[in-house]
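Since the structure comes first, as structure tokens, the remarks are kept for the end.
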Amino acid sequence: MNNLRYYINKALNEHFALGAINFNNMESLQGIKNACKNLSSPAIISVSEGALSYMGDDFVMALSSACKKEYPYLFLHLDHGKSFEVCKKAVDLGFDSVMIDGSALPFEENIKLTKQVCDYAHQKDVLVEGELGQIKGIEDNVSSDFEHFTNPQSAKEFVEKTGVDTLAIAIGTSHGAYKYKGEQTLRFDILEKIESILPNFPLVLHGASTVDEYLVNQINQFGGNLTHAIGIPKALLQKAVKEHNIIKINTDTDLRLAMTAQVRKVLEEKPEEFDPRKYLGPGREEITKVVEDKILNIFFSKDKI
């Protein structure tokens, strides 16, 4: 079967994206798998450090193994690893790829840490994603009050000195459900400069959830309080994929919203319900719906296996 590197190159050549979709439990992973299987789409299934700690190493590997046995076109990825040690652990567990996030470090320290991870991971044919620049927002163990756009010239030096396989860049996306105040835009001018200096290099967008209004409204309708939640407009993500070298788009918040919306709805409408399957099941179905929409309208990865 084709490996992750094959699909990264395929995405780069054919201008589609691999959805890097975070899971936090069995139901969310099943929802992702069902959507990808329904539409014959490859994808990356991601766990953050926090999710890895929450579920435990053995459970993450068992869940992903069971999922990949049913649908093998999914690749397990560590999202926002903050240290060499946690990346090494993921490599040793059998992850397909790891992200080392040294974006908060001084430039030279980020290079040193990222190269250390690359040197280890590449010995075992595990791909490495680095990050240069910082995006705002809060999600899991990632938090920043500041936004530092990626410097194109620094990106070239970073890639050359570290040997990373993909690079996460900061051009205006944001973690969490509250991405914008005011104009919703991405810095395509920065993206174009990076692409001119690093031609045909696979780039990554984090914090790319769309925060769909119908999910926010449903959560609020059934007792939630997500006021002013705004995501990345689909049109901007579509442009990034179809016209540029964005081959991986990270999505976490949208799945959390999908699950929460259905759980709240079921428990509000059926307060006597106490069987977790009766509210987690609808959450799983909503996640499938959300991921299918992204495969069709943002990732453009249908029938790309």
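The values are calculated or read from the model by the stated rules, or taken from the named source; none is laboratory data. Here the structure is a predicted model, which is why all the values come from computation and not from measurement. Cβ: placed from backbone, ideal geometry, glycine included. Neighbour counts: every protein chain shown.
Give the residue, chosen from 298, 249, that is in a helix (DSSP H, G or I), closer than 27 Å to residue 127 by Cα and in contact with a strand residue (DSSP E or B) (Cβ under 8 Å, 6 or more places away or on another chain).
Of 298, 249, the one residue that is in a helix (DSSP H, G or I), closer than 27 Å to residue 127 by Cα and in contact with a strand residue (DSSP E or B) (Cβ under 8 Å, 6 or more places away or on another chain) is 298.
So residue 217 passes all but one of these: (1) in a loop (DSSP other than H, G, I, E, B); (2) exposed (fewer than 15 other Cβ atoms within 10 Å of the Cβ). Which condition number does it fail?
Among (1) in a loop (DSSP other than H, G, I, E, B); (2) exposed (fewer than 15 other Cβ atoms within 10 Å of the Cβ), residue 217 violates only (1).
Go through region 263-288 and give me each residue that's within 29 Å of residue 42 (Cβ to Cβ) and in contact (Cβ under 8 Å) with a residue 40 or more places away in the chain.
280, 281, 283, 284, 285, 286, 287, 288 - these are the residues of region 263-288 that are within 29 Å of residue 42 (Cβ to Cβ) and in contact (Cβ under 8 Å) with a residue 40 or more places away in the chain.
Per-residue answers, yes or no, for (1) buried (at least 18 other Cβ atoms within 10 Å of the Cβ); (2) over 16 Å from residue 167 (Cβ atoms); (3) in contact with a Gly (Cβ under 7 Å, 6 or more places away or on another chain); (4) of a type in the set (Lys, Arg):
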| position | (1), (2), (3), (4) |
| --- | --- |
| 23 | yes, yes, no, no |
| 42 | yes, yes, no, no |
| 89 | no, yes, no, yes |
| 110 | yes, no, yes, no |
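Could you list, in sequence order, the residues of region 221-246 that are hydrophobic (A, V, I, L, M, F, W, C), in a loop (DSSP other than H, G, I, E, B) and touching a helix residue (DSSP H, G or I) at 6+ places or on another chain (Cβ under 6 Å)?
If the condition is that a residue be hydrophobic (A, V, I, L, M, F, W, C), in a loop (DSSP other than H, G, I, E, B) and touching a helix residue (DSSP H, G or I) at 6+ places or on another chain (Cβ under 6 Å), then 222, 226, 229 are the ones that fit.
Please find, among 261, 240, the residue that is farther than 27 Å from residue 16 by Cα and crowded, with 20+ Cβ neighbours inside 10 Å.
Unique residue meeting the criteria: 261.
Go through 224, 207, 231 for me and flag whichever is touching a Lys or Arg at 6+ places or on another chain (Cβ under 8 Å), on the phi > 0 side of the Ramachandran plot and touching a residue at least 40 places away in the same chain (Cβ under 8 Å).
207
Have a look at 16, 59, 75 and point out the one that is modelled with pLDDT of 95 or more and part of a loop (DSSP other than H, G, I, E, B).
Going through 16, 59, 75 in turn, the sole match is 16.
Might you check whether a residue that is within 18 Å of the chain's Cα centre (by Cα), modelled with pLDDT of 95 or more, surrounded by 24 or more Cβ atoms within 10 Å (Cβ to Cβ) and among the β-branched types (Val, Ile, Thr) occurs anywhere in region 32-40?
Yes, region 32-40 contains a residue that is within 18 Å of the chain's Cα centre (by Cα), modelled with pLDDT of 95 or more, surrounded by 24 or more Cβ atoms within 10 Å (Cβ to Cβ) and among the β-branched types (Val, Ile, Thr).
Filter region 39-56 down to the residues that are among the polar types (S, T, N, Q) and part of a strand (DSSP E or B), then identify the one that is farthest from residue 295 (Cα to Cα).
Top of the filtered list is 48.
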